[in-house]
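One structure is given here, and the rest of the page talks about it.
The values are calculated or read from the model by the stated rules, or taken from the named source; none is laboratory data. Every value quoted in this text rests on a predicted model; they were computed, and no experiment measured them. Cβ sites come from the backbone with ideal geometry, for glycine too, and all protein chains shown count toward neighbours. Quick note on the areas: whole protein, heavy atoms, side chains included, nothing else; ligands and nucleic acids left out. Shrake-Rupley method; radii C 1.70, N 1.55, O 1.52, S 1.80 Å.
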Amino acid sequence: MGVSSERTIVRPKRTAAALIAVALLATAGCSGRSGSETENSSSGDKVVADFGDLTGVCGDGDAAGSPTQGVTDSEITAGVFTDIGYSKNPEFVDAAKVFTSWCNAAGGINGRTITTEIHDSKVMAVRQKMVEACRTDFALVGGGAGLDGLGVKERLECTLPDFPAQISQQPNLGTDLQVIASQSTYAHYDPYNASRQWLTKEAYPESAGAIGIINGDSPVTKVLGDKAVESLNAMGAKVVYNQLYPVGGVTDWTPYAQAIKNSGVRGLIFIGEDGPLAKLEEKLTSMDYQLDWIDPTNNAFRPDYIELLGRSASFQNNIVDLGGVVPPQLADESPAMQQLQKLYEQYAPDAVISLPAIRAFSAWLLFAKAASACGSELTRTCVVDTAKKEAEWTGGGLHSPNDLSAKDPAPNCFNVMQATPEGWKAPEFGANEGLFRCGTPPYRYTGDYGEPMTLADVGKTMADVK
C-alpha cells in the first residue's frame, strides 16, 4: 500500500471583522485597477475573492445540503494528484494550499470550506490512488501524475470530474468529465506546431533541414517523439537524427553528442528530464559544437535550469514554448501574475511558481467559479457543465484564452522564453496579442495515437453522473 492521502483543512473565517482584516492584508501593495487592486473586496458584511479580471471567485454564503459525494453543508472535498513521493516536487500541493487558503479566507465557495485530499501516486500507484479518490472526493482539481493514463478507467467508472493542471498520457487526454483550464497538450493537435514553425521558418530557417530529436525511452515520452516527427515533416522540416535514451540513466553522453555533431543537427528537441539534457549540452559545448537552437520542452522552465546549464547557458540557445502562459519573469506586464506572486508570498513563501503551478491555479479558479455558480445544488454534472460554458477562459489573465466549450480544441496562441546566463528572457517572436502570438493555423495529427476514453467505454452515461 502507498502512503495514505493527506487531508488539509483551512476553515473560512465567518466574522466580518476577520474577513475584512484578511482582505486588507491581502491587498497591500497591489495596483492595476482603478483605485487599488484588491484580492478580496468587501460589501457590507460580505467579502468575496477576486482574481485578475475574475470577480467573486470565492465568498461567504448560505449554500446548504449534501447533493452528492464530497459536498456537505459546510465542506467541499477536492482531490489533488501528485507524484511528490517520487519527484519530491510539491508544485501541485503548494498550488492547492495557496488557492484554498485564499479562497477559504474569503468564505470558501458560497460558505462551504474547500478541503483537499492529496493523492501521492509516486508514479506507479495511480490506479490505487484513484480508487481512494473515488471513495471521498467530489472532484479532482489542479493536479497531475506522470502515468495518469493508468487511472482513467477507475475515474470514469466512479464518475469523478477532473480539472487537471496537466495531462501526461494520451489515454487521459480529452476524456469525459475532464475540463482542462490551461491546455498544454491536445488530443488531436500538435501543441508545438506554431513555435516550431517560427523556429524553422523565421528565426532560424537554416535549421529546418537538420532537426534532431532525443527522446526518453518510456511510454510517456515515446509517443511524443512520434508526434513531433509527424508534425515536423508536415511543416517541411527534416529530421536527420532521432534517438532514444534510457531514462534510467546515461553514464556518458559523449556518444550522443558526437552523433549529433556528425549528423549536422542544427535544431535539437529533447523530450525528457532536464538534468540529462544539461549533461548532454555540456558535452556539446566542450566539443565547441553550437546548435542554432535547443528545445528542452517546458519541463526545463525553472530558475535552477540555468544553473544546471552552467557555461552552456551562454554558448547554447535554449528556447522553450510556454503555450500561452504568462511567465513570472514578465509579471510587470501582467496584473494577474503580480497577484499570484503576492498570494504565494503570503501563503507559501518558499514555493516556486512553476509553469505547472500556474496551470494548476487556473484549474482551481475554474473549479471555484463553476462551483460557486451551482450554489446549493452543487453536483458533478453542474460543475462540469458550467465550466464547459467558458469560451474564452484565461484564468483571470494568467494565460491566453482557451475555449472550454470546444469538444476537440486546437491551440491558438504561444509564447517562448530563452535561457540566458542572467535568467529566462523573452526573445522577439512576433507577439501580436499582448504577450502572445496567436493565429498560426494548427496542425492536426494524421497518425493513430489512440483516442481518449469515454463514459460509454466503461458502460456509463451522463445520466449516471450525480
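See the values below:
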item: Sequence ranges 319-332, 131-144, ranked by mean other-Cβ count within 10 angstrom, highest first; result: 131-144, 319-332
item: Pairwise FRET efficiency - SER314 versus ASP217, Cβ, R0 = 30 Å, nearest 0.05; result: 0.45
item: Lys, Arg +1 and Asp, Glu -1 on Cβ, resulting dipole of the chain about Cα centre, debye, nearest 20; result: 320 debye
item: Surface accessible to a 1.4 Å probe, per residue, for the residues of the range 377-448, Å²; result: 48 Å²
item: Within the range 414-464: Cβ-based charge dipole about Cα centre, in debye rounded to nearest 20 (Lys, Arg +1; Asp, Glu -1); result: 140 debye
item: Amide H partners (placed H, <5 Å) of ASP50, local residues excluded; result: ASN40, SER41, GLY56, VAL57
item: Tail beyond 19 Å, pair distance distribution of the range 304-364 (Cα, percent); result: 41 percent
item: Integer Hz, Karplus 6.51/-1.76/1.60 couplings in order for the range 256-268, x for Gly and Pro; result: 5, 4, 5, 5, 4, 5, 5, 7, x, 4, 10, x, 10
item: Radius of gyration and Dmax over the Cα atoms of the range 140-220, both given in Å; result: 16.3, 52
item: Helix 274-286 vs. the chain, principal-axis angle (Cα, 0 to 90°, nearest 10); result: 30 degrees
item: Principal axis box of the range 249-314, alpha-carbon based, largest edge first, Å; result: 31, 26, 21
item: Span from the the range 363-390 Cα centroid across to the the range 276-331 one, whole angstrom; result: 39 Å
item: Separation in nanometres of the label points that stand 7 Å from Cα toward Cβ, at ALA64 and MET124; result: 5.1 nm
item: Built amide H within the under 5 Å cut-off of THR185, gap 5+; result: ILE167
item: Potential lengthening between TYR449 and THR55 on full extension [0.36 nm per residue; Cα-Cα distance subtracted]; result: 137.9 nm
item: Unit charges at the beta carbon, dipole of the chain: most positive-side option, PRO90, TYR256, VAL325; result: PRO90
item: Phi-based couplings in Hz for the range 94-108 (Karplus 6.51, -1.76, 1.60; Gly and Pro marked x); result: 5, 4, 5, 5, 5, 5, 5, 4, 5, 5, 5, 5, 8, x, x
item: Fraction of antiparallel bridges per DSSP, the range 192-278 only, in percent to nearest 5; result: 0 percent
item: Rounded, prolate or oblate (a/c below 1.5 giving rounded, otherwise prolate when a/b exceeds b/c) for the range 242-394 by Cα gyration tensor; result: prolate
item: Positive-end residue of ALA194, TRP293, ASN402, charge dipole of the chain with Cβ unit charges; result: ASN402
item: Cα-based helix-to-principal-axis angle, 355-374 vs the chain, degrees rounded to 10; result: 30 degrees
item: The chain: relative contact order as a whole-number percent, Cα under 8 Å and 6+ apart; result: 18 percent
item: Antiparallel content of DSSP bridges confined to the chain, in %, to 5; result: 45 percent
item: For VAL247, distant residues with modelled amide H under 5 Å away; result: ASP217
item: With Cα atoms, 0 to 90° folded angle of helix 335-347 axis to the chain main axis; result: 70 degrees
item: Linear extension gain, VAL247 paired with ASP226, 0.36 nm per residue minus alpha-carbon span; result: 5.8 nm
item: Mean ellipticity per residue at 222 nm, deg cm²/dmol - from DSSP H runs of n ≥ 4 across the chain, formula -39500 (n - 2.57); result: -9000 deg cm²/dmol
item: Cα-based shape type of the range 326-429, given that a ≥ b ≥ c are square roots of the gyration tensor eigenvalues and the cut on a/c is 1.5; result: oblate
item: Option label - mean projected area of the Cα convex hull in nm² computed here, alternatives [x] 26.5; [y] 25.2; [z] 21.2; result: [z]
item: Sites ASN233 and MET287 - FRET efficiency at Förster radius 30 Å, r taken between beta-carbons, to 0.05; result: 0.60
item: The range 82-235: mean projected area of Cα convex hull, nm²; result: 11.1 nm²
item: Under the Karplus curve 6.51 cos²θ - 1.76 cosθ + 1.60, θ = phi - 60°, whole-Hz ³J(HN,Hα) for the range 379-395, x wherever Gly or Pro sits; result: 10, 5, 4, 5, 5, 5, 4, 5, 4, 6, 7, 6, 8, 9, 7, 10, x
item: Relative packing of 441-449, 269-277, 384-392, which averages over residues the other C-beta atoms within 10 Å, highest first; result: 269-277, 384-392, 441-449
item: Burial order of peptide ranges 193-202, 81-90 (average beta-carbon count within 10 Å, highest first); result: 193-202, 81-90
item: Spatial separation of Cα centroids for the range 246-264 and the range 391-466, in angstrom; result: 32 Å
item: At q = 0.15, 0.18, 0.22, 0.30 Å⁻¹, base-10 log of I(q)/I(0) for the range 67-116 (Debye sum, equal scatterers on each alpha carbon); result: -0.46, -0.61, -0.79, -1.07
item: Efficiency of FRET from Cβ geometry, ASP350 and ARG135, R₀ 22 Å, rounded to 0.05; result: 0.10
item: Lys, Arg +1 and Asp, Glu -1 on Cβ, resulting dipole of the range 269-335 about Cα centre, debye, nearest 20; result: 180 debye
item: Cα-projected label distance for LYS466 with ASP332, points at 7 Å along beta-carbon direction, nm; result: 5.5 nm
item: Surface per residue (accessible, 1.4 Å probe) for the range 271-333, Å²; result: 38 Å²
item: Gyration tensor verdict on the range 209-327 (Cα atoms; rounded if a/c is under 1.5, prolate if a/b is larger than b/c, oblate otherwise); result: rounded
